[in-house]
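To start, the structure under review is shown below, and the notes come after it.
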Amino acid sequence: MANRQRAEARRKAQTKAARSIGEEGGGSKLGIWIGLAAVIALVIGIIAFTGGDDDSKADPGDTTADSSGLASLPTSQPVTVTGTPLAKFDATNSPDPAVGVDAPLLSGLNFSGQTIAIDPATEGPYMLVYLAHWCPHCNAEVPRLIDWKNSGAVPPELNVIGVATAVSENAANYPPAIWFSNKGWPWPVMVDEAQGDGAAGTAAVAYGASAWPYFVIVGADGKVKVRVSGEVEASELQTIVAAALAA
């Protein structure tokens, strides 16, 4: 009797031990599955955050990208000159021999290929501003001209036209279309016909340009009123323009 009791006790003890081992193994397996699920969730989160592939997205702060398409615009356009070119401007030569002479007519294109015709007979008095994108004096002058315009001091009858000339692919602020846009140039721009890297273009040569920036004011009668080169303060330019239009 006692032996049967002892055998029954051993059997119960073994059954209990086996059950304990099974429960511990099940707990371990449950812990493994929970950990695996956490890893999978983490991987899914990373994929969602990075866009799901290895391709890097464009940095919205990347200023080298040209989303506007300005970089593809031409840096040289054909220019037609009608009339006799002006003598090359020399600031030390006074009076300027070109003053009072008929200015040659210019016909060209802007960056977008639209026609720009410079003819006082149809457009009235005009001021050409020849600008080179790499020229430090031009970079200093453009903001003055914009301030002059914003002040309301520009005579309403005066047509101001920029001329993108002396283009140089290896110089600063290339290409000129982006430079004019970044500067906020508010007037039409004729793209000069290139005559060599950094050299005066066809329109610039026709008007005797010798330095940048270069200004030429032509009256409604088609005659040259004044030529100026270099930086000009707004107040000085106002005096020059008033005298030219009164001549």
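Read-outs throughout are calculated quantities, based only on the coordinates presented, and are distinct from any laboratory measurement. Predicted model only: the values in this text are computed from it and were never measured. Counting neighbours? That spans all protein chains shown, and the Cβs are built from the backbone with ideal geometry, glycine included.
Assuming R0 = 30 Å, can you tell me the calculated FRET efficiency for the pair T122 and E236, based on Cβ-Cβ distance, to the nearest 0.05? Intermediate results must be reported in sequence, preceding the final value.
Numbers: r = 30 Å, r/R0 = 0.99.
Once the sixth-power term is evaluated, E becomes 0.50.
Put a dot 7 Å past each Cα toward the Cβ at K88 and A243; how far apart are the dots in nm?
With each label point 7 Å from Cα toward Cβ, the separation is 2.5 nm.
Place a label point 7 angstrom from the Cα of L158 along the Cα-to-Cβ direction, then list the residues of region 211-227 whose backbone nitrogen is under 14 Å away.
Inside the label zone: 215-220, 225-227.
For region 71-246, what class follows from the C-alpha gyration tensor (a ≥ b ≥ c being the square roots of its eigenvalues): rounded when a/c is under 1.5, otherwise prolate if a/b is larger than b/c, else oblate?
On the way: a/c = 1.40, a/b = 1.22, b/c = 1.15.
Cα axes put region 71-246 in the rounded bin.
Could you please report the charge total around P120, scoring K, R as +1 and D, E as -1 over all other residues with beta-carbon less than 9 angstrom from its beta-carbon? Kindly include the intermediate steps, with their values, before the conclusion.
Numbers: positive: K223; negative: D119, E123, D221.
Around P120, the charge tally is -2.
So, by mean Cβ neighbours within 10 angstrom, what's the order for 183-193, 134-144 with the highest one leading?
Highest-to-lowest ranking by the protection proxy: 183-193, 134-144.
Could you sort 209-220, 232-243 so that the peptide with the highest average Cβ count within 10 Å comes first and the rest follow in order?
Numbers: 209-220: 21.8, 232-243: 14.8.
So the order, starting with the most tightly packed, is 209-220, 232-243.
Multiply the residue gap between Q114 and H137 by 0.36 nm, knock off their C-alpha separation, and tell me the result in nm, one decimal place.
Full extension of this stretch gives 5.5 nm more.
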